[in-house]
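Inspection log for the structure reproduced underneath, given as structure tokens.
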Amino acid sequence: MNKKSLWKLILILAIPCIIGFMPAPAGLSELAWVLFGIYLAAIVGLVIKPFPEPVVLLIAVAASMVVVGNLSDGAFKTTAVLSGYSSGTTWLVFSAFTLSAAFVTTGLGKRIAYLLIGKSVTPRWVWVTLRYSSIWYWLRQHRLTPRVRAALCYRSSTAWRWLWGQNRKKVRVVSDIT
């Protein structure tokens with residue numbers, strides 16, 4: 001570990017310690033005040049990044065579980081801290097983020113995109129599909145805005161000319177939308 005990462009780690013560890021030794025504000029329990037320090041340290045850790053985000057967040061969850069287990073006086077159990085992780089939706093979101101991070105890190109997403117758009121697939125079919133989808137996107141998204149729909153008529157005529165090539169007869173699209 002280099003000096004820069006070490007100083008970042010010391011800063012992150014100092015935040016909950018300093019907040020833990022300060023008296024809790026009126027109306028706030030000691031447990032809530034210490035948890036505030038832990039989560040503030042987690043936010044600072046996400047900003048200054050001494051470790052990757054999952055490591056910082058797992059350390060924060062583990063520290064909060066230790067604090068809740070020791071300071072709660074039986075009011076909370078450790079299962080209460082981890083109860084949110086029993087939901088299938090939580091793990092679906094977690095796996096989606098993990099897979100997207102893996103796609104970005106390995107470049108698999110780019111390779112799949114290049115495979116779909118590249119010469120290994122029929123280029124005419126891919127480009128026609130992309131052009132049609134962009135036209136339908138604009139039609140669907142901006143169907144209630146007259147000015148944008150008028151601009152869409154120009155865009156679609158340009159797209160049609162691009163789709164069928166410049167050598168074809170150019171058709172002027174007249175719109176009755178004002």
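The values are calculated or read from the model by the stated rules, or taken from the named source; none is laboratory data. Predicted, not measured: the structure shown is a model, and the values here were computed from it. With ideal geometry, Cβ positions are generated from the backbone for all residues, glycine too; neighbour counts draw on all protein chains shown.
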Filtered residues of region 5-44 (kept if in contact with a Lys or Arg (Cβ under 8 Å, 6 or more places away or on another chain) and not charged (D, E, K, R)): none
Complete set of residues in region 15-31 that are under 31 Å from the mean Cα position of the chain (by Cα) and surrounded by 13 or more Cβ atoms within 10 Å (Cβ to Cβ): I15, P16, I19, L31
Selection within region 22-66 - acidic (D, E) and under 21 Å from Y85 (Cβ atoms): E53
Residue list for region 1-26, restricted to those being part of a helix (DSSP H, G or I), hydrophobic (A, V, I, L, M, F, W, C) and over 19 Å from I59 (Cα atoms): F21
From V44, V67, residue being at pLDDT 75 or above and either within 25 Å of the chain's Cα centre (by Cα) or among the acidic types (D, E) (or both): V44
